[in-house]
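Below is one structure, written out as structure tokens; comments come after it.
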Amino acid sequence: MEKQIAIELKNICKYFPGKVVANKNVNLTLYKGEILSLLGENGSGKTTLMNMISGIYFPDEGQIFINGEEAVIRSPKDAYNYKIGMIHQHFKLVDVFSAAENIVLGVKEAGRFSKKKIAMRVREIAERYGFDIDPKKRIHEMSVSEKQTVEIIKVLYRGADILILDEPTAVLTPQEIEKLFAVLRKMREDGKSIIIITHKLNEVMEISDRVSILRKGEYIGTVETSKTNPKQLTEMMVGKKTDLKIERVKTDFEKPLLEIRDIVIDKDDGSRAIDDVSFYIRGGEILGVAGVAGCGQKELCEAIAGLRPIKSGLVMHKGENIIGLPPKKIIEKGVSMSFIPEDRLGMGLAPSFSITDNMIIKNYGEGKGPFVNRKAARAHAKALIEKLEIVTPSTETPVRRLSGGNVQKVLVGREIEAGPNVIITAYPVRGLDINSSYLIYDILNDQKKKGTGILFIGEDLDVMLALCDKIMVICHGKNMGVVHAEKTTKEELGLMMTGALDLTEEKKDKNFGIAKDSNLTEEEWQEMEEETNNENHGKESKGNE
């Protein structure tokens, strides 16, 4: 039986100001009842292409055919009329509304508005595909996977037969990913056509029927998943052979650079983000932090970097608490810290500034005289562009005009070039293609060899298991334990991330109060126990007096 074509793109082109070619003569076919993965390096035009299908952009050249007929899609409303829905990586939901209210927002219902009928329709869709959802639950009370469920049901409620998912597994646990894949398979069986944009090759191999590859805005080809492998796909993406192995560099671990003890941090709304968490950042070690999005990772790294108040607890360096000290004082005490935040444009970079100007931001106060040395900064920016293969028209291009992956390269490059001995990094490869991601891993390993202590907040557990020395898992602000990456599994980490497994309860030290199998050596534990016993003895003596 011949396959029916759901959507076909012919010679699609899209240009942006500054002679930027986002897509050039792209031809793509999606069949009914299939899952198609879309791969490509950063700036290869994947999201731009999907934005044209979903009505956010309009192609400058080429044609789009839906079910064999030419379609003109000038807005998301037009896309919905053609039964196309896109689930974006950053959800488009109203936090104070319930799931049902978000799902029907903007939909014109016949007759009177009935919450009961809407909830019934939502439950019907959920039961049909295997979703787990409470229509009355408000968005701000939901986990990331629940919010994603709302987004998917939102497009299904509008009758979508063609679904586009942008990095759908980026912030999900292994268990949540399995649930999502089970749902997608049911949707495929029901005749839905699905396009997934992702950088995770293991997931591409598991869920997709075919894979289409873009490179520098041009269509390279489409292969059947069953007849390819990750190595071949990577070579098609980057145009050359690439080693996909992440090296875990062995170093002689030094004494801790920073000791975080009993730290308590609040969120912006006053609720608890981090609750009584203790750990060490060692020189020459990468400590991973795993957890479902929203469990306090963001607040933890911001607090250590000095950008968020710490309610209680200590951040110690060589026995001295550095909380509240200005950055210059902290540097004078021997802690040179670089912070790569999750919000790359909002917090990490100045979007309207050029790459050159963003480089100057870090060290403009170090120059002599009232004027900055733009010539040196421009040369510095140019060297970074070449080193990290940043796709940009020039060093003077505003960073907001770059693709998300290239923006991340600018941020990571600037922070690494500052020569820190402590790096706090949140999702440093989010949105980066395979080639760029491995470049960042190599840079972090180089820093590790130099004795830099790295706190690595990540989302891809396969990467964390391969790159990190130890992994601390956080669930609802609590430390579930610190495990050796070589001695654990994705399944164990997933259980810890959901709170089903708490190693700190099993291995809690009666004196110090944190997991004894933390990232401390036995000698350090003995020292700490002696200190604690001495403190307790002192208290007892004082009490007797």
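Mind listing whichever residues of region 445-484 are in a helix (DSSP H, G or I) and more than 26 Å from E203 (Cβ to Cβ)?
Looking only at region 445-484, we keep the residues that are in a helix (DSSP H, G or I), and these are 445-449, 461-467.
Residues satisfying the conditions are D446, Q447, K448, K449.
Does D262 fit the bill of being without any contact (Cβ under 8 Å) to a residue 12 or more places away in the chain, assigned by TED's automatic domain parsing to the domain that holds I457 and either in a helix (DSSP H, G or I) or surrounded by fewer than 20 Cβ atoms within 10 Å (Cβ to Cβ) (or both)?
On the way: without any contact (Cβ under 8 Å) to a residue 12 or more places away in the chain: no; assigned by TED's automatic domain parsing to the domain that holds I457: yes; either in a helix (DSSP H, G or I) or surrounded by fewer than 20 Cβ atoms within 10 Å (Cβ to Cβ) (or both): yes.
In short, no.
Every residue, every condition in (1) assigned to a helix (DSSP H, G or I); (2) modelled with pLDDT under 90; (3) of a type outside the set (D, E, K, R); (4) assigned by TED's automatic domain parsing to the domain that holds E178, yes or no:
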site: D95; (1), (2), (3), (4): no, yes, no, yes
site: I103; (1), (2), (3), (4): yes, no, yes, yes
site: V107; (1), (2), (3), (4): no, yes, yes, yes
site: A110; (1), (2), (3), (4): no, yes, yes, yes
site: F113; (1), (2), (3), (4): no, yes, yes, yes
site: K116; (1), (2), (3), (4): yes, yes, no, yes
site: R121; (1), (2), (3), (4): yes, yes, no, yes
site: E124; (1), (2), (3), (4): yes, no, no, yes
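Provide a single number: the residues in region 280-305 that are touching a helix residue (DSSP H, G or I) at 6+ places or on another chain (Cβ under 7 Å), under 16 Å from N421 (Cβ atoms) and in a loop (DSSP other than H, G, I, E, B).
1
(1) in the same structural domain as V473 (by TED's automatic domain parsing); (2) in contact (Cβ under 8 Å) with a residue 60 or more places away in the chain: which one isn't true of I310, the others all being true?
Checking I310 against (1) in the same structural domain as V473 (by TED's automatic domain parsing); (2) in contact (Cβ under 8 Å) with a residue 60 or more places away in the chain, the one that fails is (2).
Give S212, S226 a once-over and let me know the one that is out of contact with any Pro (no Cβ under 8 Å at 6 or more places or on another chain) and not in a helix (DSSP H, G or I).
Values: S226 fails: not in a helix (DSSP H, G or I).
Exactly one residue qualifies, and that residue is S212.
For every residue, the table says whether it meets (1) among the acidic types (D, E); (2) over 28 Å from Q408 (Cα atoms); (3) surrounded by fewer than 16 Cβ atoms within 10 Å (Cβ to Cβ).
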| position | (1), (2), (3) |
| --- | --- |
| F16 | no, no, yes |
| K24 | no, no, no |
| K32 | no, yes, no |
| I35 | no, yes, no |
| L38 | no, no, no |
| N51 | no, no, no |
| S54 | no, no, no |
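Would you check if there is a residue in region 358-375 being buried (at least 16 other Cβ atoms within 10 Å of the Cβ), within 17 Å of the chain's Cα centre (by Cα) and either at pLDDT 85 or above or more than 24 Å from M464 (Cβ to Cβ) (or both)?
No, there is no match, as no residue in region 358-375 is buried (at least 16 other Cβ atoms within 10 Å of the Cβ), within 17 Å of the chain's Cα centre (by Cα) and either at pLDDT 85 or above or more than 24 Å from M464 (Cβ to Cβ) (or both).
Across region 145-178, what is the number of residues that are among the small types (G, A, S) and within 20 Å of the chain's Cα centre (by Cα)?
Looking only at that region, the number is 2.
Does at least one position in region 337-351 carry a residue that is part of a loop (DSSP other than H, G, I, E, B), within 29 Å of K250 (Cα to Cα) and not assigned by TED's automatic domain parsing to the domain that holds M480? Please lay out each step first, then the result.
Of region 337-351, the ones part of a loop (DSSP other than H, G, I, E, B) are 341-343, 349-351.
Cutting the leftovers down to within 29 Å of K250 (Cα to Cα) gives us 341-342.
Add one more test, that the residue is not assigned by TED's automatic domain parsing to the domain that holds M480, and what stays is 341-342.
Among the residues of region 337-351, at least one is part of a loop (DSSP other than H, G, I, E, B), within 29 Å of K250 (Cα to Cα) and not assigned by TED's automatic domain parsing to the domain that holds M480, which makes the answer yes.
Which of (1) charged (D, E, K, R); (2) closer than 19 Å to G159 by Cα; (3) in contact (Cβ under 8 Å) with a residue 60 or more places away in the chain is the odd one out, the single condition K92 does not satisfy?
Only one criterion is unmet by K92, namely (3).
Are there any pairs, at least 6 apart or on different chains, whose C-beta atoms fall under 6 Å, with the first in region 267-285 and more than 16 Å from G313 (Cα to Cα) and the second part of a strand (DSSP E or B) and of a type outside the set (A, V, I, L, M), and if so, which?
Filtered contacts from region 267-285: R282/P256; R282/G453; G283/G453.
Using the structure shown, decide if L439 is more than 16 Å from S338 (Cβ to Cβ) and surrounded by 22 or more Cβ atoms within 10 Å (Cβ to Cβ). I'd like the intermediate steps shown before the answer.
Numbers: more than 16 Å from S338 (Cβ to Cβ): yes; surrounded by 22 or more Cβ atoms within 10 Å (Cβ to Cβ): no.
So L439 does not fit the description; no.
Quick one: which of E206, E151, E178, E235 is part of a helix (DSSP H, G or I) and touching a residue at least 40 places away in the same chain (Cβ under 8 Å)? Give the derivation first.
Values: E206 fails: touching a residue at least 40 places away in the same chain (Cβ under 8 Å); E178 fails: touching a residue at least 40 places away in the same chain (Cβ under 8 Å); E235 fails: touching a residue at least 40 places away in the same chain (Cβ under 8 Å).
After applying the criteria, what remains is E151.
If I go through region 106-146 residue by residue, how many of them are crowded, with 17+ Cβ neighbours inside 10 Å and of a type in the set (F, W, Y)?
2
Are any residues in region 446-479 β-branched (V, I, T) and under 18 Å from the mean Cα position of the chain (by Cα), and if so, which ones? Break it down stepwise before answering.
Just the residues of region 446-479 that are β-branched (V, I, T), to begin with: 452, 454, 457, 463, 471, 473-474.
Across region 446-479, the qualifying residues are I454, I457, V463, I471, V473, I474.
So which residues in region 243-258 are touching a Gly at 6+ places or on another chain (Cβ under 9 Å) and either surrounded by 12 or more Cβ atoms within 10 Å (Cβ to Cβ) or more than 18 Å from Q447 (Cα to Cα) (or both), if there are any at all?
Result: V249, T251, F253, E254, P256, L257, L258.
Just to check your reading of the model, which residue among I73, I103 is touching a strand residue (DSSP E or B) at 6+ places or on another chain (Cβ under 9 Å) and surrounded by 13 or more Cβ atoms within 10 Å (Cβ to Cβ)? Lay out the reasoning, then the answer.
Working: I103 fails: touching a strand residue (DSSP E or B) at 6+ places or on another chain (Cβ under 9 Å).
Only one candidate passes the filter, namely I73.
The values are calculated or read from the model by the stated rules, or taken from the named source; none is laboratory data. It should be emphasised that the depicted structure is a prediction, and the values quoted were computed from it without experimental measurement. Every residue, glycine among them, receives a Cβ derived from its backbone with ideal geometry; neighbour counts consider all protein chains shown.
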